[in-house]
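Working notes for the structure below.
The values are calculated or read from the model by the stated rules, or taken from the named source; none is laboratory data. Since we're looking at a predicted model, the values are computed, not measured. Positions of Cβ are generated from backbone atoms using ideal geometry, with glycine treated the same way; all protein chains shown enter the neighbour counts. Keep in mind that these areas ignore ligands, DNA and RNA; they rest on the heavy atoms of the full protein, side chains included. Shrake-Rupley method; radii C 1.70, N 1.55, O 1.52, S 1.80 Å.
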Amino acid sequence: MGEGWALNTRKVLIDTDTASDDAVALIMALRAGKSGQQVPLVDVVAITIVAGNVPVEQGTKNALYTAELCGATAPIYVGAAQPLTRELELATWFHGLDGLGDCGYATTSREAEKTPAVDAIIAAALENPGLEVITLGPLTNLALAIRKEPKIVANISRCVVMGGAACTEGNVTPAAEFNIWVDPEAAREVFLSGLLIEMVGWELSRFAAVINEQDIAEILALKTPLADFAIGCNGHAREAYFEQTGDNGICLPDPIAMAVLLQPELVLQSSEHYVDIETKSELTRGMTVVDRLNVAGDERNQRVWSDVHARAKKVKVCWKLDVDGWKKLLKSSLA
């Protein structure tokens, strides 16, 4: 690899509640730029684990296993075991008890680092100005890191959030997507922090973006351990997605967010808007309220939206995805 490429390598931190789709997203990042892929090389400086889909201990085991499968040495750090103020709600009903479809994958010999995830996030941001962050789970770790060291916000050039449902239904309640719903207080703190956020809602992973029967056959035809793992660990999720939506296939929100991080040009339509997170209503807990028509500044809305206008930057909301490009990137990552 040429020296110029190495100098231009993007530094990335991944925060994840590692379950089946998170694992595929990790593979995409850890394999980026390798095996002849036409995507820029990224240097994953840290993988931090948060409780969400599964307890934080299980999420850590899953991340360690996935990294070992990729032959990667990126350090992995254990983070928050609970949301900021609420009881933890798991998604084992969707991903299986172990988060990887209960397939009995072997444990790894690797161990997590001793440094807490919050401190690892702070160190990574301070040591790597321009750091890109992607969150694949609840935003608890990132909120705690910003609380402890607000200076990191200025050092993070980009924060891709797999979370929310932009002007559409949620996947865990009629109003909310799981990652935001689990810890809406943390999500609101992050969205109000001044970070440059790109919101990749779960709706981008539906319909044509779902990995269908033909896609599954093409991935399995690769006959690689990574391809087999990607399909196998998502078997339980595939069944749960069918039960939830009536649609057949594998829905992969986290890998789609990772595709957006790796190849921003895969976003065909986006726009910038103020976004607030509902934290007080149980009916709409965790709803990502997108000011799509830019009316939050109107006199009748100014009081309710005053915090957002005072503290937040507008969020880049992704509306449309290059589905063919996303699937091409996924398959090349598993080859």
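In the range 70-99, the residue that is least open to solvent (accessible area, probe 1.4 Å) out of those that are within 18 Å of A237 (Cβ to Cβ) and part of a helix (DSSP H, G or I) is H95.
Taken together, A74, A63, A117 contain a single residue that is in contact with a Phe, Trp or Tyr (Cβ under 6 Å, 6 or more places away or on another chain) and over 17 Å from N179 (Cα atoms), which is A117.
Here's the yes/no breakdown for (1) small (G, A, S); (2) under 16 Å from the mean Cα position of the chain (by Cα); (3) within 21 Å of N234 (Cα to Cα):
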{"residue": "L13", "(1), (2), (3)": "no, yes, no"}
{"residue": "T16", "(1), (2), (3)": "no, yes, yes"}
{"residue": "A23", "(1), (2), (3)": "yes, yes, yes"}
{"residue": "G33", "(1), (2), (3)": "yes, no, no"}
{"residue": "A46", "(1), (2), (3)": "yes, yes, no"}
{"residue": "I49", "(1), (2), (3)": "no, yes, yes"}
{"residue": "N53", "(1), (2), (3)": "no, yes, yes"}
{"residue": "Q58", "(1), (2), (3)": "no, no, yes"}
{"residue": "T66", "(1), (2), (3)": "no, yes, yes"}
